[in-house]
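Below you'll find the structure, written out as structure tokens, and then a few comments.
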Amino acid sequence: MTRIHPSPSGPFAAGRRAARNTRAQEFASRFETLLGPRGEYFEGSGFWNNGYWESDSRTAREASENLVDRLLAFLPRRSGTVLDVACGFGATTRHLLRHFEAVKITGVDISDAQMEVCRVNAPVCSFLRMDATHLGFPNDSFDVVLCVEAAFQFDTRQRFLEEARRVLRPGGRLLMSDLLHEPRAEALSRRLHPENYLKDPASYEALLTGLGFTDVVVVDATEECWTRSTRDKVRFVCRQHRLGHLDRPTFNRIMTAGLLGLLSTRYYVLVSAERPPIQASQEERS
């Protein structure tokens with residue numbers, strides 16, 4: 001007897017795809033409610049990074065604010081114009097208002113939807129939709145370029161660094177937090193690019209120096225940022241499951257994603273680098 005199997009493009013396959021899409025949408029919605037930038041874990045703040053966990057840090061929002069302050073501590077003085085690259089939902093941009101004049105702060109991101117949220121979170125700042133690797137600003141536009149936990153996704157990180165150096169004024173400073181991944185993770189993930197692979201903080205420092213930055217500092221903050229953040233997220237998700245706020249399938253998917261992220265990440269780094277002052281640049285050419 002000949003068996004007739006449903007065609008992969010027939011109604012059975014369409015039904016399975018629809019069911020998978022529904023489950024994916026439900027998971028994304030639940031994840032956003034718990035761990036997204038406007039979710040419970042970040043207290044609806046708009047932050048969405050690993051933060052810098054001091055010994056007395058209590059919440060992810062506090063750790064995220066610590067991270068911005070850690071980066072700003074590299075500055076000899078907090079003045080001038082600031083560009084917040086890949087500003088997300090504007091939480092970091094909003095935090096910059098504690099240290100800089102609103103008229104001197106600009107945030108850029110590639111997402112129109114996120115730009116709208118940014119304008120609510122920090123309405124006194126300027127926000128523009130822009131690709132981090134093609135910054136639409138003249139040369140020598142900013143005193144500070146800040147990029148929190150995003151450059152590892154750019155296509156590519158080097159193009160962004162070249163653009164950052166271009167738009168910085170001589171003597172201006174680049175401030176970043178960034179993730180370095182295992183080479184296999186860079187090759188397999190749709191969010192990562194193999195060209196962005198860097199072995200360790202020393203390789204990052206060499207890249208920046210090769211692009212013409214000086215006074216380069218790359219700090220290994222894996223324990224304070226990545227490890228402690230992962231530990232806190234696990235505690236939070238386990239507590240949500242224990243209290244019955246998270247069903248087992250969703251719990252399993254979140255924990256699996258977290259484990260994959262843990263295994264694929266090598267380092268979390270804090271970066272500070274200067275575009276050489278004009279005098280130094282002239283001396284280099286002579």
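The values are calculated or read from the model by the stated rules, or taken from the named source; none is laboratory data. It should be emphasised that the depicted structure is a prediction, and the values quoted were computed from it without experimental measurement. Glycine gets a Cβ as well: all are built from the backbone with ideal geometry, and neighbour counts include every protein chain shown.
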- Task: Name the residue, out of 94, 58, that is farther than 15 Å from residue 144 by Cα and in contact (Cβ under 8 Å) with a residue 24 or more places away in the chain.
- Result: 94
- Task: Take residue 113 and decide whether it is part of a helix (DSSP H, G or I) and among the small types (Gly, Ala, Ser).
- Result: yes
- Item | Residues (surrounded by fewer than 20 Cβ atoms within 10 Å (Cβ to Cβ) and hydroxyl-bearing (Ser, Thr, Tyr)) located in segment 47-67 | 55, 57, 59
- Message: Looking at 39, 46, 15, 10, can you tell me which residue is small (Gly, Ala, Ser), under 30 Å from residue 172 (Cβ atoms) and at pLDDT below 95?
- Response: 46
- Query: What is the number of the single condition among (1) in contact (Cβ under 8 Å) with a residue 12 or more places away in the chain; (2) under 17 Å from the mean Cα position of the chain (by Cα) that residue 190 does not meet?
  - Reply: (1)
- Restricting to helices (runs of 4 or more DSSP H) lying wholly in segment 149-259: which have 3 or more residues that are of a type in the set (S, T, N, Q) and either modelled with pLDDT of 90 or more or surrounded by fewer than 16 Cβ atoms within 10 Å (Cβ to Cβ) (or both)? 228-242
- Which of the residues that make up segment 76-86 are buried (at least 17 other Cβ atoms within 10 Å of the Cβ) and not in a strand (DSSP E or B)? 81, 86
- Item | Boolean, residue 130 is in contact with a Phe, Trp or Tyr (Cβ under 9 Å, 6 or more places away or on another chain), under 18 Å from residue 168 (Cα atoms) and not β-branched (Val, Ile, Thr) | yes
- Message: Among the residues of segment 138-147, are any in contact with a helix residue (DSSP H, G or I) (Cβ under 7 Å, 6 or more places away or on another chain), assigned to a helix (DSSP H, G or I) and buried (at least 17 other Cβ atoms within 10 Å of the Cβ)?
- Response: no
- Query: If you check every pair at least six apart or on different chains, which have Cβ atoms under 6 Å apart with a residue in segment 218-234 that is farther than 11 Å from residue 57 by Cβ first and a residue that is in a helix (DSSP H, G or I) second?
  - Reply: 218/201; 218/204; 218/205; 220/201; 230/262
- Of the residues that make up segment 116-127, is at least one of a type in the set (Phe, Trp, Tyr), over 20 Å from the mean Cα position of the chain (by Cα), surrounded by 17 or more Cβ atoms within 10 Å (Cβ to Cβ) and not in a loop (DSSP other than H, G, I, E, B)? no
- Message: Considering only residues that are in contact (Cβ under 8 Å) with a residue 60 or more places away in the chain and either among the hydroxyl-bearing types (Ser, Thr, Tyr) or at positive phi (or both), which ones fall in segment 32-55?
- Response: 41, 46, 51, 52
- Query: Hey, residue 100 hits all of (1) part of a loop (DSSP other than H, G, I, E, B); (2) at pLDDT below 95 but one; which does it fall short on?
  - Reply: (2)
- Task: Give just the number: which of (1) without any contact (Cβ under 8 Å) to a residue 60 or more places away in the chain; (2) at negative phi does residue 164 not satisfy?
- Result: (1)
